[in-house]
Amino acid sequence: MRLTQQQVDQYHDHGFLMLESLLDQQEVETLREALERDAKIPGPQVVTEGGGPEVRAVYSSHQRQPEYAGLIRDPRVLPPVQHLLTDDVYVYQFKINTKPAFGGGKWAWHQDYLAWRLADGLPSPCQVNIGVFLDDVTEFNGPVIFLPGSHRGGLVREGRSATARSEQHLDPDDISLTPQQLAELVDRHGMTSPKGPAGSVVLFSPQIVHGSAPNMSPFARRLLIATYNDTANLPRPKGTPRPDYVVCRDTEPLRPLEAPFSEVLRTVMA
Ligand code: HL5
Ligand code: SIN
Ligand code: MN
């Protein structure tokens with residue numbers, strides 16, 4: 001899978017690029033089953049919604065589930081990321097934001113790179129995020145909203161809040177933009193939310209302003225976000241590094257699989 005020059009330009013121009021239905025429905029089902037298994041493993045990698053029983057996010061599933069280990073090296077996924085970034089990339093962070101039906105919470109307006117600069121001393125914003133839709137994403141189930149082009153203005157905010165919403169990860173609540181900052185940016189850039197069938201993938205910049213509303217619909221919105229980083233841009237944490245479920249330690253450059261992850265898994269299982 002190769003991006004066209006037009007797609008590359010679009011990514012740099014808007015700060016995101018949608019690849020509709022990159023994975024098929026059988027593959028999506030396989031990934032959902034892997035998530036169901038993984039979310040049952042207790043540990044700090046599972047973040048719940050307000051400390052209640054509902055899961056808000058699960059981190060680092062690619063370290064435990066072969067389906068996700070394959071997906072991050074899939075020939076439809078990794079080469080486009082390498083094209084946008086550089087050949088030598090690894091997964092810096094891997095999370096699935098589960099946004100359950102009837103009550104999945106909002107994700108505050110933020111820029112990812114601020115979190116990683118503050119928490120991990122990540123030197124520069126040379127990352128690419130992939131957002132993999134594990135459910136159909138519609139206007140109803142809390143799609144991510146982007147401010148197109150907002151990645152080109154650098155970081156809007158500098159520090160973080162004095163208190164932390166969660167000890168397990170840095171919740172966007174702690175680095176959220178003010179209403180005034182957001183209003184000004186929306187004036188300039190507008191808002192858009194990529195929607196599409198499960199199996200679609202949206203590539204997006206670590207500096208683009210984004211957020212999402214609560215999910216009051218009867219449909220879950222499970223969204224996998226893997227962040228690839230340039231291996232020449234390793235974090236330099238000031239104090240104790242954050243745990244490896246949130247900042248991955250395996251920085252070996254990834255190489256694409258020969259075939260889609262689903263085929264490779266079938267061969268291994270046979
Ligand atoms: N939760 C992430 C972390 O690194 C940061 C957020 O969307 C990415 C802002 O703890
Ligand atoms: C995030 O930026 O990590 C949250 C986006 C979302 O899941 O809506
Ligand atoms: Mn984010």
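The values are calculated or read from the model by the stated rules, or taken from the named source; none is laboratory data. Remember, it's a predicted structure, so these values are computed and weren't measured experimentally. As a convention, Cβ positions derive from the backbone with ideal geometry for all residues, glycine included, and neighbour counts pool all protein chains shown. We work out accessible area using only protein heavy atoms, side chains counted, and drop any ligands, DNA or RNA first. Shrake-Rupley method; radii C 1.70, N 1.55, O 1.52, S 1.80 Å.
Please list, by residue number, every one of the trypsin sites (Lys or Arg not before Pro) in segment 160-190 that is coil in DSSP and has at most 10 other beta-carbon atoms within 10 Å.
The qualifying sites: there are none.
Can you work out D for the chain in µm² s⁻¹ from Stokes-Einstein, where Rh is the Kirkwood radius over C-alpha pairs, the temperature is 25 °C and the viscosity is 0.890 mPa s?
131 µm²/s
So, in nm, how far is label T251 from label R37 when the simple model puts each one 7 Å beyond its Cα toward the Cβ?
The modelled label-to-label distance comes out at 3.1 nm.
Rank these residues by their accessible area, most exposed first, probe 1.4 Å: T98, T251.
T251, T98
For a quick check of understanding: with a 1.4 angstrom probe and all protein chains in place, what accessible area in square angstrom does M1 have, to the nearest ten?
My reading of the accessible area for M1 is about 90 Å².
Just read off the accessible area of T192 with the full protein assembly in place, 1.4 Å probe, to the nearest 10 Å².
For T192, the solvent-accessible surface is approximately 50 Å².
Return the percentage of antiparallel bridges among DSSP beta bridges fully within segment 5-255, rounded to the nearest 5 %.
Looking only at bridges with both residues in segment 5-255, the antiparallel portion is about 100 percent.
Using the beta-carbon distance between T240 and D24 and R0 = 41 Å, what value does 1/(1 + (r/R0)^6) give for FRET efficiency, to the nearest 0.05?
0.45
Provide R117, R76 ordered by accessible surface of protein heavy atoms (probe 1.4 Å), highest first.
Highest to lowest solvent-accessible surface, that is R117, R76.
Taking a 1.4 Å probe, which of E263, E36 shows the most accessible area, and what order do the others take after it?
E36, E263
Hey, what number do you get for the chain at 222 nm if only DSSP H runs of n ≥ 4 count, each worth -39500 (n - 2.57), divided across all residues, to the nearest 500?
It lands at -7000 deg cm²/dmol.
Counting only heavy atoms of protein chains, what accessible area per residue, in Å², does the chain have with a probe of 1.4 Å?
45 Å²
If you put +1 on each Lys and Arg Cβ and -1 on each Asp and Glu Cβ, how big is the dipole of the chain around its Cα centre, in Debye rounded to 20?
With only Lys, Arg, Asp and Glu charged at Cβ, the dipole is about 480 debye.
Keeping all protein chains in the complex and leaving out DNA, RNA and ligands, what accessible area do you get for T138 with a 1.4 Å probe, in Å² to the nearest 10?
40 Å²
Using a 1.4 Å probe on the protein heavy atoms, what percent of the accessible area of the chain belongs to carbon and sulfur?
Result for the chain: 54 percent of the exposed heavy-atom area is carbon or sulfur.
What is the pair-distance distribution P(r) of segment 40-141, computed from all Cα-Cα distances in 10 Å bins starting at 0, with each bin given as a whole percent?
Each 10 Å bin holds this share of Cα pairs: 11, 37, 40, 11, 0.
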